[in-house]
Structure formats: C-alpha cells, structure tokens
Amino acid sequence: MIDIYFLKTDLLTSKSEQKKLCSLLGYEIVRQAYSAFTGKDKASAEFAVLNNGKPLIKGADNFHFSISHSGNAVAVAVSSSPLGLDIEILKPANLKIADRFFTQAENAYIFDSPTDTNRRFFEIWTKKEAVIKQSGMGLAQGLEGFDVTDTDLGRWLCTLEKDGFILSICAEKAEDFRIIEVENPKINNIQT
Ligand SMILES: CC(C)(COP(=O)(O)OP(=O)(O)OC[C@H]1O[C@@H](n2cnc3c(N)ncnc32)[C@H](O)[C@@H]1OP(=O)(O)O)[C@@H](O)C(=O)NCCC(=O)NCCS
C-alpha cells in the first residue's frame, strides 16, 4: 500500500521562502508518516542523504518515502519498498522541454491529442521525475535515456490529478494507494 500525503499550505510567505517552507513541511510529514508506520516517536527519525541526493531515515530499512513540492503544495509518498513521487501544478506547459528532453514515443503521446496536450505533457514530466526519484539517481540518470510510455520499463507508474495539481508515482510493482489530506500544521510544531 502506498500512502500519499497531500498538503496545500495556507501559510503566507514570499515566493522565495515558499520552497524552503514546503521543504520543511515535507520532512515534517515524513516524520509523522514514519511514526504512524513504525510506531516509533517521530523525533527519533534521523535523516541522511545519499550521494545522489536521495534522502532516507537512518536504520529504517522498510520505510521508504519520496517528497515533492510545487507551488504551495507538498506531497509525500510512503511505502515499504522504494518509490518515487513528483507533483507539478497544472499550468500552460513549455512544450520546448518535450522536444529537448522527452523521447520520440513520449512526444508522440503528448502531441497525438490536440485537446489533451498540456495535461499529457505534465503526465510525462511527472512520470519521468518519479522514475529518477524512485531509482534515487536524480538528474544524473538523464531524462532522454528511458521512456515512460514503454510498457517494458520494469516499473509501475500511475498518474492522478488533485486540486489543480498532477502527481505521478513510480514503484517496483503495482500497488494500491490512498490519498491522505494533511491539515496545515502549526509552524512552531515543526522541527527544523
Ligand atoms: C532533485 C530532483 C530529484 C527533483 O527536483 P524537483 O522536481 O525540482 O523538486 P521536487 O520538489 O519534486 O523534489 C524535491 C525533493 O526530491 C528529493 N530528492 C532530491 N534528490 C533526490 C534523488 N536523487 N532521489 C530521490 N529523491 C530526491 C528531496 O526530498 C527533495 O526535497 P527537499 O529539497 O525538500 O529535500 C531532480 O529531478 C531535479 O533537479 N529536477 C529538475 C526538474 C527538471 O528539470 N525536470 C525536467 C523535466 S522532466
């Protein structure tokens, strides 16, 4: 089972501070999910970062998570096996990115549907990001080297829409998932 925690923050902040705030909120959600998942105190969660940038909780071998933020939204996916998550606000797409970074098959999928081009662009974008976050390699993996429309990719991918955002998850195999809406926490309750 994959739990997807979703929070739209209503805390007023400048745009430049928004990323920092969403990052803090993301780790706070991970702490709470870790506590719910393991029964341990959330304060015992000790974070570390692998060389490729992928964060983890030390010693929590069966607890996997992936964080993503976009605009004022934060999403965190949690499971017992490695997974990747990406969320993007649905806005007019810069389609030049598709030409530059997406495969021919991905471009065909996007442009074959004149009425759904924009959403499909973000579906491919978030799927690609979810794959490189699941593997943990980040952008070092190269976006052109794999095709998320390929049914032989060897990963399970799923895309959903929520409150003006599009979100994709990537896991080793198909899993059930549920979305858990997170209430805005009181800022003084957040560990930094
Ligand atoms: C860092 C990267 C993994 C995700 O970046 P992003 O999409 O800009 O940001 P997101 O909010 O979705 O994800 C950020 C979170 O990913 C996690 N993360 C960072 N490196 C990671 C890695 N190698 N593997 C897994 N997760 C990683 C961290 O938890 C980070 O949150 P934090 O900054 O609060 O610690 C990487 O893919 C990147 O830099 N992408 C740039 C976006 C781009 O150009 N995309 C092209 C179109 S597909």
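The values are calculated or read from the model by the stated rules, or taken from the named source; none is laboratory data. All values derive from a computational prediction rather than experimental measurement. No Cβ is skipped: glycine too gets one built from the backbone with ideal geometry, and neighbour counts run over all protein chains shown.
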Looking at the stretch 114-143, which of the residues that are assigned to a loop (DSSP other than H, G, I, E, B) and near the ligand (Cβ under 8 Å from one of its atoms) is farthest from Gly53 (Cα to Cα)?
Leu143
Output the qualifying pairs, or none if there are none: Cβ atoms under 9 angstrom, residues six or more apart or on different chains, first residue in the stretch 129-144 and free of Cβ contacts under 8 Å to residues at least 12 places away in the same chain, second residue of a type in the set (Ser, Thr, Tyr) and more than 6 Å from the ligand (Cβ to nearest atom).
Gln141/Ser135
Among the residues of the stretch 8-29, are any at pLDDT below 95, over 18 Å from Gly138 (Cα atoms), of a type in the set (A, V, I, L, M) and exposed (fewer than 13 other Cβ atoms within 10 Å of the Cβ)?
yes
Gln141 fails exactly one of the following numbered conditions: (1) closer than 25 Å to Phe6 by Cβ; (2) within 17 Å of the chain's Cα centre (by Cα). What is the number of that condition?
(1)
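Do the conditions hold for Phe146, that is, is it among the aromatic types (Phe, Trp, Tyr), within 12 Å of the ligand (Cβ to nearest atom) and assigned to a loop (DSSP other than H, G, I, E, B)? First the steps, then the outcome.
Working: among the aromatic types (Phe, Trp, Tyr): yes; within 12 Å of the ligand (Cβ to nearest atom): yes; assigned to a loop (DSSP other than H, G, I, E, B): yes.
Considered against the rule, which asks whether it is among the aromatic types (Phe, Trp, Tyr), within 12 Å of the ligand (Cβ to nearest atom) and assigned to a loop (DSSP other than H, G, I, E, B), Phe146 comes out as yes.
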In the stretch 37-58, the residues that are loosely packed, with under 14 Cβ neighbours inside 10 Å and either in contact with a Pro (Cβ under 9 Å, 6 or more places away or on another chain) or closer than 22 Å to Met1 by Cβ (or both)
Gly39, Phe47, Ala48, Val49
Checking Cys170 against (1) modelled with pLDDT under 95; (2) in a strand (DSSP E or B), which test does it fail?
(1)
Could you list, in sequence order, all residues of the stretch 95-106 that are over 16 Å from Thr151 (Cα atoms) and surrounded by fewer than 20 Cβ atoms within 10 Å (Cβ to Cβ)?
Leu95, Lys96, Ile97, Asp99, Arg100, Phe101
